[in-house]
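Presented below is the structure to which this report refers.
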Amino acid sequence: MTTSIRSDFDVETSTAAFAFNLPQRAGRLLWAPMLGMALMAFPVGLLIAGVRASTIQQGGDAATIAALGHFGPAVMFIGFAAVFAAVSFAIARILGTLRNGSGLVQQATGGTVQALRMLPTAKAFIGLMAMAMMILVGAVIAHFIVGAAILGGDASALASAETWSIRLEAVRRVGVIVYLVAITLGLATIAEVIRFQAIRLRELPAEAAR
Amino acid sequence: MASTTHTPAIPVDGSGSVPSTSLRQRGIGLSLIGLGGAMVAFAGSLSAAQITADGGAAADVAAIGLWTFGLTTAAFGTAKFGIAATLLAIVRRITARADSIKFALPQLKAATGQVMATGEYDSPLGAVTVTDDAPEPLLIHRFAGIMWLPMLAMAAMALYGGFVLSLVASGNVATDPQLAASQRAWVQGLQFLGEGLVLSGISFLLARILGALRASGGEVQTSVGLKVHTLRMPASAKAFVVLMMAGLMVEIAQLVGYAYVAGLSDAGEIAVASTFLGPLREFGLGLLLSGIVLALATIARALDFQSTRLVSIITRGQ
């Protein structure tokens, strides 16, 4: 493998198509399980909300209502963490497909295979995605801890249930916006890779003729 | 690892027509604006939490809660508009990529091999239809081409209109709590309808990408005089459409629910309804996002099929 320097793109070269890299392999493997997890979590979160609304209507136990007020968002945001991860993994899978597919086409022409080195947007995409996932999972864990403490009879946890709700909602929102920025960067990477492909394809006939 | 210098192709052959990066950069810019807005709201929410912890006035917490909700949801929407702009950049570049393939393929294609009969066959990527001509766009692709922009326009009105209303309601908390409670319900209903609409707009843009891949695949194959191989609509694409429609309907239902809550005066009834409507609106967004995952997976499959097809044309001429 050699390093090829272009003035317009930072590429790596090879005589054979590049395989999926590690994040792309993870994307290919994990998008579907993550989607499955999200599709299970969303209805459960809605069900807990229904139970909580019914408990409030019937004048139920304050501790139960407060605890469900933490368990419901926790489950719902397991769903959001999973579905945003699924979106991110699906984007990584597309990037892998573009990298490998473009390589196979270049290889078929008998020319040098060029692939973009990992773009800064791709690196930021992976970093922000991991950060967003940790923020959301952290908030979910905190919701479960507070909910469990309330159900366990901790009076101070019950007294601070509303404060924790506001805090954790704020943290969840940060997790979501970081995920959205990560997804934008992932898609921006796809756009740039397709732009490279459009230019690279036009170079292939001249290279094949040599 | 050796290092060599490669001179890029001079774009006399038309590669200069590849779209520039401005739309993509605007997408990233919009997302970062969204991030900034959300961080301001985050600071506001933490101050509301501190007031609650200190036993401060409930009206203050409610007022902060209103504008932080409005700002955060508008920020989420802005970031999603950034995603939509980036998807639009992808649509344009797929068209440019197809032009490049049409330019290069006649010079790369092997001598035409055995002519394949029209019909259907199964490939590792799914069922494939073989036709003489490029396939017509599917109904969802035509619909997506028409609907993505109105969806985003309506989303902008709902999201930013809701944000303005959240500021108004925040100012009314101390002076007219009843009116503020009613406005709060409208803010939540309107803004989450906006969230649903912007995700629907994104879904339509993804469908446009799928439509562009299908159309460009047909054009490329006919341009070199070959029969057109097209992937049949996979189950993931059908499920994507179903989830998108279901999610949008849930968001409309939650708006109706909040409109009902806006007319209530009993605090107990409002609390019960709001307890359910909050997760319901999130459930709707979850369905829309799940549909988007399936659309992305379908795009990956379509791209995989295109590469396989191109290799077949280059190496075997069929």
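Any idea which of B:Thr112, B:Thr129 is outside any loop (DSSP other than H, G, I, E, B) and among the β-branched types (Val, Ile, Thr)?
B:Thr129
Filter segment B:303-318 down to the residues that are in contact with a Lys or Arg (Cβ under 7 Å, 6 or more places away or on another chain), surrounded by fewer than 23 Cβ atoms within 10 Å (Cβ to Cβ) and among the hydrophobic types (A, V, I, L, M, F, W, C) and list them by number.
Listed by number, the list holds a single entry, B:Ile314.
Every residue in segment A:40-49 that is more than 7 Å from chain B (Cβ to nearest Cβ), surrounded by 18 or more Cβ atoms within 10 Å (Cβ to Cβ) and more than 17 Å from the chain's Cα centre (by Cα), please.
Result: A:Ile48, single match.
I'd like the full set of residues that are under 16 Å from the mean Cα position of the chain (by Cα) and more than 25 Å from B:Ala38 (Cβ to Cβ), limited to segment B:66-101.
Scanning segment B:66-101 gives B:Val91, B:Arg92.
If a residue has to be among the aromatic types (Phe, Trp, Tyr) and not in a helix (DSSP H, G or I) to count, how many in segment B:193-251 make the cut?
Final tally of qualifying residues: 0.
Among helices (runs of 4 or more DSSP H) lying entirely in segment A:113-210, which contain 3 or more residues that are charged (D, E, K, R)?
Filter on segment A:113-210 gives A:161-209.
When the residues of segment A:58-69 are filtered to those that are among the hydrophobic types (A, V, I, L, M, F, W, C) and in contact (Cβ under 8 Å) with a residue 60 or more places away in the chain, which remaining residue is nearest to the other protein chains (Cβ to nearest Cβ)?
A:Leu68
Check segment B:57-73 and report whether any residue there is within 7 Å of chain A (Cβ to nearest Cβ) and at pLDDT below 95.
Looking for residues that are within 7 Å of chain A (Cβ to nearest Cβ) and at pLDDT below 95, one finds none in segment B:57-73, hence no.
Out of everything in segment B:257-266 that is exposed (fewer than 15 other Cβ atoms within 10 Å of the Cβ) and touching a residue at least 40 places away in the same chain (Cβ under 8 Å), what residue ends up being nearest to B:Trp186 (Cα to Cα)?
Going through the qualifying residues, I end up with B:Ala259.
Look at B:Gly56 and say whether it is under 25 Å from B:Gln183 (Cα atoms), free of Cβ contacts under 8 Å to residues at least 24 places away in the same chain, outside any helix (DSSP H, G or I) and out of contact with any strand residue (DSSP E or B) (no Cβ under 8 Å at 6 or more places or on another chain).
When the stated conditions are applied, B:Gly56 passes them.
Please verify whether segment A:8-15 includes one or more residues that are without any contact (Cβ under 8 Å) to a residue 60 or more places away in the chain, surrounded by fewer than 17 Cβ atoms within 10 Å (Cβ to Cβ) and not hydroxyl-bearing (Ser, Thr, Tyr).
no
State which residue pairs qualify: first residue of a type in the set (Lys, Arg) and inside segment B:140-167, second residue assigned to a helix (DSSP H, G or I) and surrounded by 19 or more Cβ atoms within 10 Å (Cβ to Cβ) in any location, beta carbons under 8 Å apart, and separation of 6 or more residues or different chains.
Listed by first residue and then by second, the contacts come to B:Arg142/B:Gly211.
One line per residue, one yes/no per condition, for (1) closer than 16 Å to B:Leu243 by Cβ; (2) touching a helix residue (DSSP H, G or I) at 6+ places or on another chain (Cβ under 8 Å); (3) modelled with pLDDT of 95 or more:
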| site | (1), (2), (3) |
| --- | --- |
| B:Leu255 | no, yes, yes |
| B:Tyr258 | no, yes, yes |
| B:Val261 | no, yes, yes |
| B:Ala271 | no, yes, no |
| B:Gly286 | yes, yes, yes |
| B:Ile292 | yes, yes, yes |
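Only one of (1) without any contact (Cβ under 8 Å) to a residue 12 or more places away in the chain; (2) at positive phi is not met by B:Thr175, so which one is it?
Just one mismatch for B:Thr175, condition (2).
Could you list, in sequence order, the residues of segment A:161-210 that are more than 21 Å from B:Val40 (Cβ to Cβ), within 7 Å of another protein chain (Cβ to nearest Cβ) and of a type in the set (Lys, Arg)?
A:Arg195, A:Arg202
Yes/no per residue for (1) facing chain B (nearest Cβ under 8 Å); (2) in contact (Cβ under 8 Å) with a residue 12 or more places away in the chain; (3) closer than 21 Å to A:Ala149 by Cβ:
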{"residue": "A:Leu22", "(1), (2), (3)": "no, no, no"}
{"residue": "A:Ala26", "(1), (2), (3)": "no, yes, no"}
{"residue": "A:Leu30", "(1), (2), (3)": "no, yes, no"}
{"residue": "A:Ala38", "(1), (2), (3)": "yes, yes, no"}
{"residue": "A:Val51", "(1), (2), (3)": "no, yes, yes"}
{"residue": "A:Phe84", "(1), (2), (3)": "yes, yes, no"}
{"residue": "A:Leu104", "(1), (2), (3)": "yes, yes, no"}
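Please work out which residue is farthest from the chain's Cα centre (by Cα), limiting yourself to segment A:70-82 and to residues that are at the interface with chain B (Cβ under 8 Å from one of its Cβ atoms) and among the small types (Gly, Ala, Ser).
Among those residues, the one meeting the criterion is A:Gly72.
Considering only residues that are surrounded by 15 or more Cβ atoms within 10 Å (Cβ to Cβ), more than 10 Å from A:His70 (Cβ to Cβ) and among the β-branched types (Val, Ile, Thr), which ones fall in segment A:141-163?
A:Thr163
Could you please find all residues in segment B:58-117 being crowded, with 24+ Cβ neighbours inside 10 Å and charged (D, E, K, R)?
Correct list: B:Lys80, B:Arg93, B:Arg97.
Of all the residues that make up segment B:226-254, how many are over 22 Å from B:Arg301 (Cβ atoms), more than 19 Å from the chain's Cα centre (by Cα) and surrounded by fewer than 21 Cβ atoms within 10 Å (Cβ to Cβ)?
1
The values are calculated or read from the model by the stated rules, or taken from the named source; none is laboratory data. Nothing here was measured: the structure is a model prediction, and the numbers come from that model. Using ideal geometry, Cβ is built from the backbone for each residue, glycine included, and neighbour counts are taken over all protein chains shown.
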